[in-house]
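See structure below.
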Amino acid sequence: MGTLRLLAAMAWRNLWSHKGKNILVGILMLFGTFLVVLGTSVLDSIDQAMTRSITQSVAGHLQVYSKNARDPLALYGSGYMGADDLGVMPDFARVKAVVSAVPGVRAVIPMGMDAFEIYTATELDYAIERLRKALEAGEQARVDDVARRIRAMATLLREELERRKLLLSNHAEIDRQLAIIDRVRGDAFWAELPAAPLAGVEYLDTQLAPLVDENEGYFLQVLGTDVQRFAQSFGQFELVSGQMIPEGERGVLLNQKYYDDYLRNMVARGFDARRRDIEEKGKRFADDPLMRAKVERMVRQYRRVTFQLEPAQAEELAAKLRAFLPGAQGSIDELVQQFLRLDDQNFAARYEFFFDEIAPRIRLYLFNVGETLTVRAFTRSGMIKSANVKVWGTFRFKGLEKSELAGGHNLMDMMTFRDLYGLMTADKRAELAGIQAEVGLKDVGRDSAEAELFGGGAAVEQQREQAQGFDEFAGVALGGRERAQANGHFDPALLDQGMAINAAIILDDIARLEEARGAVQAALDQAGLDVQVVDWETASGIIGQVVVLVRVVLYIAIGIIFLVALVIINNTMVMATMERVMEIGTMRAIGAQASLVRWLLLLETLMLGLLSGALGAALGYWLVSSLGTSGIPAPADELIFLFAGPRLFPAAGLGNVLAGFAAIVVVSLLAILYPATIATRIQPVVAMSPRE
Amino acid sequence: MEAMVELRKVSKEYPLGKLTVRALAEMDLCIGKGEFTVVAGPSGSGKTTLLNMVGCVDVPSSGEVLIEGQPTSRLKDRARTKLRLHKLGFIFQTFNLIPVLTAEQNVEFPLLLQGELSRAERRARVREMLELVGLGALVRQRPNEMSGGQRQRVAIARALVSLPHIVLADEPTANLDTATGLTIIELMKKLNRERQTTFIFSTHDPRVMEHARRIVRIVDGRIEGDATCGGSA
Ligand SMILES: Nc1ncnc2c1ncn2[C@@H]1O[C@H](COP(=O)(O)OP(=O)(O)O)[C@@H](O)[C@H]1O
Ligand SMILES: [Mg+2]
């Protein structure tokens with residue numbers, strides 16, 4: 001007891017009597033502990049945030065999907081958007097019944113992911129419709145105005161195609177398209193129009209309009225699901241505009257991020273992006289060449305505003321712009337271009353003018369909430385299917401508004417999804433079998449289906465062309481082999497009947513995830529269902545690995561720092577031991593055992609470790625706590641998902657502090673191992689002879 | 001006279017490059033209980049080497065060292081350390097106090113290693129020793145706050161506190177001025193008289209030698225004169 005006290009006293013005093021060495025070593029240990037506390041706290045917080053992001057947005061706690069899948073389930077994309085072969089669970093109701101019976105399961109939500117093409121009326125479609133009406137009414141002035149517009153659009157399209165031509169080796173198709181465009185641009189077409197208005201409008205409708213569609217196609221990443229149950233089960237879901245799809249109704253809810261990023265008017269999008277640059281990123285036009293380049297592009301996009309204006313509106317706006325831009329002259333086109341030349345001085349005023357005066361006169365989105373759009377799919381059987389679906393509203397995942405990953409999912413009712421996906425009814429299966437028999441194929445894979453079933457791309461193309469032809473702009477019907485019922489009602493009980501590709505399982509208690517996973521798998525196996533269960537981390541694909549990666553990187557970094565610290569501490573301690581040879585030799589001579597010397601050094605280093613560790617942990621705890629109040633801003637939009645929002649609010653727990661202490665104790669003991677061994681080898685005889 | 005220390009044909013050789021230096025050459029020596037012995041000889045004659053052998057801090061190349069009749073050359077490090085702790089006291093030329101400990105703690109150190117006395121007993125013993133060497137007032141001082149003479153007194157107290165049978169002092173006065181050196185010698189003599197502790201100390205200072213009761217002279221690792229127990233006493 002007394003010995004221990006003496007050792008402790010000696011160790012303690014030795015700490016202070018070898019200040020230089022101990023301050024160096026102490027700072028290293030302090031820094032190491034600080035880093036462990038900070039690093040593990042932030043990581044744990046990211047872990048929790050990401051768990052929330054993933055489990056509360058799309059994944060749920062567990063996911064089930066077919067054992068026959070050829071690709072692993074990747075809810076946030078595997079890099080092959082929509083092309084993963086995940087197989088199908090043909091009878092979701094059965095899966096649901098089996099899974100729901102497992103204790104601890106709160107909800108089972110059917111899902112299916114695919115990428116569809118969406119079509120909506122384009123500016124050209126609107127112009128053609130105006131032309132038709134003007135021709136019917138016989139108003140030559142309006143016909144001329146619209147004709148001018150259509151020819152300008154054709155010119156624009158021509159420029160686009162010429163650019164594309166440079167990149168292609170086979171010009172045949174482009175040349176065909178260019179011929180159509182040139183005909184519309186030419187005077188002859190318009191001269192003939194009054195004589196045969198119907199034929200002329202039809203030519204525009206069937207020949208020119210498809211070229212625009214082709215060049216302005218949009219892909220819609222769709223998550224088919226029981227939308228009502230989805231909204232109730234996923235805590236991060238939040239309706240932004242419009243309304244929830246009523247029960248028993250078909251339709252889609254668009255992700256606000258997708259809606260803003262892809263469907264919003266380009267000029268409006270430009271104004272918003274520049275405002276974010278200025279307000280959130282603190283950029284200035286004057287010092288940022290990229291921002292200036294973007295302004296140049298915006299100026300070139302002036303037609304996105306002017307093409308939408310009726311002649312009267314154009315007059316009105318031109319007058320306002322002349323008043324707003326002192327000394328400005330010229331046509332509406334020139335005025336808008338001038339207006340779009342943004343700089344640091346005029347930005348705020350022009351932003352306001354744009355949204356107050358211009359935005360209300362144009363369509364801000366390709367289509368609005370409440371409108372119907374045509375969704376077209378290449379089904380797995382290789383057929384083209386289309387459906388008209390109402391856009392009921394937009395939604396977001398709370399905190400993930402800016403995340404690319406969370407923005408990838410648009411919700412669609414499961415019934416429409418099944419129609420478009422194509423493998424639902426026995427009828428359709430029989431039909432497919434028929435087609436397959438005709439073509440002489442046993443199994444038609446998704447990749448080869450197009451070519452094999454329709455004899456190559458040309459057939460599909462042909463079908464596509466037939467598919468065009470908007471008769472009315474409110475509900476556009478596309479041709480094709482199948483036509484799904486638009487805006488049809490359905491019996492909500494049918495939602496569970498039929499296929500699902502995957503399903504999310506929400507548990508009562510996430511802490512018992514592994515246990516539940518086993519139980520669900522066992523139940524499915526026992527029921528003879530070919531369905532596999534994965535946890536949300538696995539289901540989220542590459543994203544789930546990111547945290548693992550970040551963790552590995554951090555641990556390697558901490559490992560390296562500790563290794564360096566270890567070497568430095570070791571060397572310093574060896575040197576310090578050498579300086580104390582006389583003292584240690586004396587202790588040995590007067591009867592101290594070698595083990596006592598070892599204990600003394602161990603105790604010294606441990607004390608230093610705990611002392612600097614306490615300081616480092618306190619510092620780390622303090623920093624994490626203050627970051628927990630102010631939040632760490634996500635350095636990139638990609639990280640918002642990991643942070644479960646634009647800022648991460650980390651919190652340090654006892655575990656993090658203990659981890660810091662444990663690490664420093666281990667490092668201290670490792671670092672002193674060799675010096676202590678050297679010290680025990682010091683012979684008592686060195687005390688006898690005065691230092692040489 | 002009872003033999004306290006006995007050397008039988010003890011040789012000690014040090015390797016020095018390709019040569020070997022023979023610091024002790026088949027030395028026989030007997031020192032009796034309660035003797036106050038000075039080992040004298042010129043520098044490099046082997047005094048320190050001899051004391052190292054007697055103090056069991058080093059092993060002879062050949063021959064045997066017996067402490068109170070017990071052979072020591074084959075002892076393991078632990079046993080040798082234990083023997084030093086319980087039977088021997090050391091006074092060093094450079095005092096060798098533990099710098100971070102106070103005078104009192106330095107003196108207490110061997111008692112703590114022995115672990116036989118209670119705290120109160122230890123304190124009493126330490127005080128007694130410090131009184132004995134005339135340092136009762138300096139208990140809380142650290143070595144660097146004391147003069148050379150004071151430090152050597154603390155060292156003497158530390159050597160004696162465990163009531164060793166033999167006290168070894170290698171040139172204890174070499175780093176002290178003459179007057180202080182003489183008082184230290186006087187102190188050691190007094191302790192030898194009062195406690196019958198066997199003292200062996202080395203010196204090459206003729207004035208110090210005057211105080212010795214027995215002088216063992218060595219030249220080139222050999223004893224000149226009487227080496228038997230109680231020799232010249
Ligand atoms: N560790 C050693 N290595 C080599 N030679 C040594 C060593 N210690 C002592 N010697 C040599 O042994 C001889 C005796 O030395 P020492 O016992 O220190 O003499 P003294 O104490 O009388 O001055 C000297 O020649 C010295 O150089
Ligand atoms: Mg010597």
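Descriptive notes on the structure:
- Between the stretch B:186-233 and the stretch A:541-560, the alpha-carbon center distance in angstrom: 74
- What the pair-distance distribution of the stretch A:22-114 shows, using all Cα-Cα distances binned every 5 Å from zero, is 3, 10, 14, 15, 13, 11, 8, 6, 5, 5, 4, 3, 2, 0 percent.
- Quotient of C-alpha Rg and 2.2 N^0.38 Å, computed over the stretch B:3-228: 1.00
- Reachable aspartates and glutamates from A:LYS165, criterion Cα separation under 13 angstrom, eight or more residues apart if same chain: A:GLU173, A:ASP175
- Beta bridges by DSSP in the protein assembly as shown, antiparallel share as percent, to the nearest 5: 70
- The stretch B:10-36-the stretch A:140-190 distance, computed between alpha-carbon centres (Å): 114
- Within the stretch B:3-228, DSSP assigns beta bridges of which about 55% are antiparallel (rounded to the nearest 5).
- Interface residues of the stretch B:89-105, defined as those with an accessible-area decrease of at least 20 Å² between the chain by itself and the complete set of protein chains (probe 1.4 Å), are B:PHE90, B:PHE92, B:GLN93, B:THR94, B:ASN96, B:ILE98, B:PRO99, B:VAL100, B:LEU101, B:GLN105.
- Translational diffusion of the stretch A:269-364 was estimated from the Stokes-Einstein equation, with Rh taken as the Kirkwood radius over Cα pairs; at 37 °C and 0.692 mPa s the coefficient is 239 µm²/s.
- Here the calculated FRET efficiency for A:SER100 and A:GLU638, from their Cβ-Cβ distance with R0 = 22 Å, stands at 0.05, rounded to the nearest 0.05.
- Cys with no candidate disulfide partner in chain B (beta-carbon separation under 4.7 Å rule): B:CYS56
- When the C-alpha to C-alpha distance is required to be over 29 Å, the pairs from A:LYS19/B:LYS12; B:LYS9/B:LYS33; B:LYS47/B:LYS87 that qualify are A:LYS19/B:LYS12.
- Size-normalised alpha-carbon gyration radius of the protein assembly as shown, reference 2.2 N^0.38 Å: 1.60
- Straight-line reach from A:LYS398: taking Cα to Cα under 13 Å and skipping same-chain neighbours fewer than 8 places apart, the aspartates and glutamates in range are A:GLU238.
- Cα pair count fraction exceeding 15 Å, expressed as % - the stretch A:124-213: 57
- Carbon/sulfur fraction of accessible area - chain A, other protein chains in place, 1.4 Å, %: 57
- In this assembly, the B-A interface accounts for approximately 2600 Å² of buried accessible surface in total, computed with a 1.4 Å probe and without ligands, DNA or RNA.
- FRET efficiency for the B:ALA120 to B:ARG195 pair, using the beta carbon distance and R₀ = 25 Å, is estimated at 0.70.
- Cross-link partners of A:LYS294 among lysines (Cα-Cα below 24 Å; sequence separation of 8 or more within a chain): A:LYS257, A:LYS281, A:LYS283, A:LYS402
- For the residues of B:156-165, the average number of beta carbons from a partner chain within 10 Å of their own beta carbon is 1.
The values are calculated or read from the model by the stated rules, or taken from the named source; none is laboratory data. What you see is a predicted model; the values in this text were computed from it and never measured. Glycine also receives a Cβ, built like all others from the backbone with ideal geometry; neighbour counts cover every protein chain displayed. Areas reflect the complete protein model, heavy atoms only, side chains present, ligands, DNA and RNA absent. Shrake-Rupley method; radii C 1.70, N 1.55, O 1.52, S 1.80 Å.
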